[in-house]
Amino acid sequence: MWDNDSAGSGVGPAPRNTITRLAPQQRDPERINVFLDGQFAFGLAAAIVEERGLRVGQTLSPDAIAALRARDEISKAVNKALVFLTSRPRSEREVRERLAQKGVEPPVIEAVLERLAGWGYVGDADFARYWVENRGANQPRGKRLLRQELWQKGVARETVDAVLGEAEIDEAGAALTLARKRLHQLRALDEPTQRRRLSAYLQRRGYDYPTIKGALDTLFTPRDDAADDGEPLGDSDSYAYDGGSDPEA
């Protein structure tokens, strides 16, 4: 389809910036080599060639050539961004930083983000919802740590607050589950040490003082079935909130 060549036609030299050949690249047939006046000029995505209706014999102005090449830069950057998005959703800042690392110029990056947003591929509110849901299902943590993580991803504070406000997060239940699992690794230690290390562990997971205290009070409060669980018993007043300084927690 593409490999058209006016060489040998006997018509004489082509006008300046006239397309004399359109040929698929050997390594990537989805890209087309554009020859102007018998010389290779630049490559374009095949979709752009079709979209713009490029053909042999067509003359391109300098502005048209610049526009085509700019359009191709955006197309290539979009493909880079889509590859980056295949593993999981990303925040706008993550996409922007990744493209910058790939050497994409800022105006092209903004054009890419605009296009991806139009397709629904990026959007910080949707990303934040994904992040919160994924963490809840796989690595539970408190709202404090979720908020910090989303800020680090570049999500605006108001967006984070809105998403966390609408999310159904059972911090008390999740903290208790995490503490109970962790407690089994600390059974050889005395109760004060268990409490200290569980407190530090839950703090690092983003839980606040009331949530941590509630979890530990539940774990260390005598129950009728405590003997079956093999869990330590004790007085909840010995709970210690140490700021997460224990490196072995």
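Would you check if G206 is modelled with pLDDT under 50, part of a loop (DSSP other than H, G, I, E, B) and under 42 Å from the mean Cα position of the chain (by Cα)?
In short, no.
Listed here are the residues, each with its yes/no results for (1) at pLDDT below 95; (2) under 21 Å from K80 (Cβ atoms).
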position: G10; (1), (2): yes, no
position: P13; (1), (2): yes, no
position: N17; (1), (2): yes, no
position: Q25; (1), (2): yes, yes
position: R31; (1), (2): yes, yes
position: F35; (1), (2): no, no
position: A47; (1), (2): yes, yes
position: E51; (1), (2): yes, yes
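On the given criteria, is S87 of a type in the set (S, T, Y) and part of a loop (DSSP other than H, G, I, E, B)?
In short, yes.
Please enumerate the residues belonging to the range 126-161 that are small (G, A, S) and loosely packed, with under 14 Cβ neighbours inside 10 Å.
A137 - this is the single residue of the range 126-161 that is small (G, A, S) and loosely packed, with under 14 Cβ neighbours inside 10 Å.
Checking the condition without any contact (Cβ under 8 Å) to a residue 60 or more places away in the chain, in the same structural domain as D28 (by TED's automatic domain parsing), surrounded by 18 or more Cβ atoms within 10 Å (Cβ to Cβ) and within 29 Å of G123 (Cβ to Cβ), which residue from A77, A45 passes?
The unique qualifying residue is A45.
Go through L146, L99 for me and flag whichever is under 27 Å from Q194 (Cβ atoms) and modelled with pLDDT of 95 or more.
L146
Considering (1) in the same structural domain as E149 (by TED's automatic domain parsing); (2) out of contact with any Pro (no Cβ under 6 Å at 6 or more places or on another chain), say which one Y130 fails and leave the rest.
The single condition Y130 does not satisfy is (2).
With respect to E158, determine if the residue is within 30 Å of I212 (Cα to Cα), modelled with pLDDT under 95, of a type in the set (D, E) and outside the structural domain of I48 (by TED's automatic domain parsing).
no
Report yes if D161 is out of contact with any strand residue (DSSP E or B) (no Cβ under 8 Å at 6 or more places or on another chain), within 30 Å of T86 (Cα to Cα) and acidic (D, E), otherwise no.
yes
So which strands (runs of 3 or more DSSP E) stay within the range 16-67 end to end and still have 3 or more residues that are under 35 Å from the mean Cα position of the chain (by Cα) and of a type outside the set (F, W, Y)?
Hits in the range 16-67: 31-36, 39-45.
Taking the criterion of being touching a Leu at 6+ places or on another chain (Cβ under 8 Å), over 26 Å from T177 (Cβ atoms) and outside the structural domain of Y207 (by TED's automatic domain parsing), would at least one residue in the range 99-106 satisfy it?
no
Determine, yes or no, whether R98 is in contact with a helix residue (DSSP H, G or I) (Cβ under 7 Å, 6 or more places away or on another chain) and surrounded by fewer than 18 Cβ atoms within 10 Å (Cβ to Cβ).
So R98 passes the test.
The values are calculated or read from the model by the stated rules, or taken from the named source; none is laboratory data. Note that the structure is a prediction, hence the values are computed from the model and not measured. Cβ: placed from backbone, ideal geometry, glycine included. Neighbour counts: every protein chain shown.
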